[in-house]
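The values are calculated or read from the model by the stated rules, or taken from the named source; none is laboratory data. These numbers come from a predicted model, not from an experiment. Glycine also receives a Cβ, built like all others from the backbone with ideal geometry; neighbour counts cover every protein chain displayed.
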Amino acid sequence: MPEIHKYYCSKCGTKVKESDMKCPNCNSLLASDGAVKVKKIRISETKLKVMENIYKENFKNFSEFTEKEKEKFKKHNISSTFPVWACIILHFITFGLFTLIYFGIKHGELPQIDGDDPTTGKAIGFMFIPFFNIYWWFFYWLRITDRINFQYNLRGKESPINRKFVKISLWLNFIPIPPYFSPFAGLIFLPIVIGQVQNASNKLASDKWAKNKSKSNRDGIAS
């Protein structure tokens, strides 16, 4: 049976990645001996494959997870709502800066289930890396779409965000041809994406069925 490794900061217990230089919670250096605790978890081949496909569209295969794991998956820190219309207006007023920061924070408020799930700092910071930010533009929006949809699917609800529409909108906003179509996409399609994501986020924060929050998401899926 294969094993997966989970890494934790020895100082504060926050889950970290093998590539992290500093703990995202206490900012302590992780390179020194004893700064990282390694936990080995035995996992079946079937479950490992399920984990690799956990954000596939309309994922329904929750039978491989224990009730304890499902409850950990459900824990999020999205606790406040914000008007969809205000979110869209601020997006235009700030030329997208509000949207970048606001939904970057949402990334950090969702549980880190997949190893690639970004923290707030990573979600926002990687947008400022030249050339790489082209790839990150797509990853940023598609991953928050997947993570929010997953919260709904986990609770037996249909995905509230149309992933295909999000993907098409991102491409239309990025590709500069035909002439003037890219600005049109930015004015029409991206605000619809923002509205879908924010509306779904508001329901996670306000609806009783979605209130499985925690004070900390640092433990991920490890038990």
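Here are some notes:
- Single condition Phe128 does not satisfy, out of (1) surrounded by 17 or more Cβ atoms within 10 Å (Cβ to Cβ); (2) of a type in the set (Phe, Trp, Tyr); (3) free of Cβ contacts under 8 Å to residues at least 12 places away in the same chain: (1)
- Exclusive hit being assigned to a loop (DSSP other than H, G, I, E, B) and hydrophobic (A, V, I, L, M, F, W, C), set Ile168, Ile161: Ile161
- Residue in segment 115-135 that is over 15 Å from Val193 (Cα atoms), of a type in the set (Gly, Ala, Ser) and outside any helix (DSSP H, G or I) present: yes
- Here Glu18 fits the description: modelled with pLDDT under 75, over 30 Å from Gly195 (Cβ atoms), outside the structural domain of Gly195 (by TED's automatic domain parsing) and within 20 Å of the chain's Cα centre (by Cα).
- Out of Lys68, Lys106, Lys74, sole residue that is out of contact with any Ser or Thr (no Cβ under 7 Å at 6 or more places or on another chain), within 26 Å of Asn25 (Cβ to Cβ) and not β-branched (Val, Ile, Thr): Lys74
- Filter result for Tyr140 (under 25 Å from Ser79 (Cβ atoms), modelled with pLDDT under 95 and part of a helix (DSSP H, G or I)): no
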